[in-house]
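Data first, discussion second: the structure below is written as structure tokens.
The values are calculated or read from the model by the stated rules, or taken from the named source; none is laboratory data. On a predicted model such as this, the values are computed, not experimentally measured, just so you know. Heads up, the Cβs are rebuilt from the backbone with ideal geometry, glycines too, and the neighbour counts pull from every protein chain shown.
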Amino acid sequence: MTELPFPVPSAPDWTIDWSSVFDSPFGDFLGQMRNVAQNPRWHGEGDVLIHTQLVCESLVADPVFRASDAESRAVVFTAALLHDVGKTVTTRLEGGVWTSPKHSVVGARLARKFLWQSADLAGTSEKRRFREAVCALIRFHSVPIHFLSRQEPERLLQSIAAEGCVVEGFTLERLALLVKADILGRKADDVPRLTDELSLFVATAKELNCYERAPRFPDPYSRFAWLCGRTHLPEQSLYDDTWGKVYMMCALPGTGKDTWIGRNLPDLPMVSLDAIRREIGVGWEDKQAPVMSLAMERARQLLRRKQPFVWNATSLVPDFRRRQLELFRDYGAFIEIVVLETSWTEGLRRNKDRSAVVPEGVIDDMLGRFSPPSVREAHEISWLES
């Protein structure tokens, strides 16, 4: 059971100890929500902090929450506390109306950095599962009340549920519990309508058999093919025509990528951005275009020969990973992304022992931008402690 620095509401009284919450590391983080304005049409209750507290109160009053196991309650309650933290940096006034575009995506990154650093939720599989379940709930909490307006809404629900293949502890059932509290924790005329839309979301997910768990796929290759739109049914099995595996490393500096590769893949060729930097005399602070150009050309040479290899870089941002992953896929490789993590303090300690130390401020910025690989990005994703 993951330990939090405050008690999660439980029987018999089900009260929220707000003093303990605000006295914990969460206090300063939540305090940033105070006086962050919201559109009064949709949030007549007031600022983001008031809304967050009402959401938490609504969640704890829900019979489904009370009937859940202790770990589920801790995950969803933490997600409720942090679900709108993205509004602290995305809120702006447009045409006289307060708006917070992409606050769910931004909020997931902010929450991950906070939980990783300040709440010490990193470095073990248990801490990682808890943290990433919370972040996935934050990332997708805007989806259920808008899913019908999206293209292929049923496929959308299944693809989001498929994130549970990588993020253990994320389900549409937990997401619906959070979203219901988010709806009820507001003062607005659209509460009944949104409640009905959430009910339709739940009914659709149950009908698709992806409400309490991820869809069942016959194998990683067929799963990736379905997520890429090559098949119509998740259960459809396809012939695996890949010729071999390309590994992409994904980790902060100081996490032990070179050590892991040396222990587990010692015989494979490696395209290492750090090695290329040293080879051509480019530092972290310099323009990286020459490094990437040379790395991509070396990767193409290996792919043309159908030679399995390791791509060794931090690979922390989806936009950065996309170019390499598309190249590997176009050449017919089976792609495995290997994500390594340590605790924040251990990672900094290891970084100081490196021959080329990365400034702590740079690593801090990297963690703030880190978006873990989605199940949609590769055939296989392995998330390991190092």
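Assorted remarks:
- Of the criteria (1) over 18 Å from PHE114 (Cβ atoms); (2) out of contact with any Phe, Trp or Tyr (no Cβ under 8 Å at 6 or more places or on another chain); (3) modelled with pLDDT of 95 or more, which one MET1 fails: (3)
- Top-ranked residue in the range 159-177 [being under 18 Å from ILE381 (Cβ atoms) and touching a Pro at 6+ places or on another chain (Cβ under 7 Å); ranked as surrounded by the most Cβ atoms within 10 Å (Cβ to Cβ)]: ALA161
- Within the range 140-234, helices (runs of 4 or more DSSP H) holding 2 or more residues that are in the same structural domain as GLY107 (by TED's automatic domain parsing) and at pLDDT 95 or above: 153-161, 172-184, 191-207
- Residue match in the range 270-278 (condition: in the same structural domain as TRP344 (by TED's automatic domain parsing), farther than 17 Å from ARG376 by Cα and surrounded by fewer than 18 Cβ atoms within 10 Å (Cβ to Cβ)): yes
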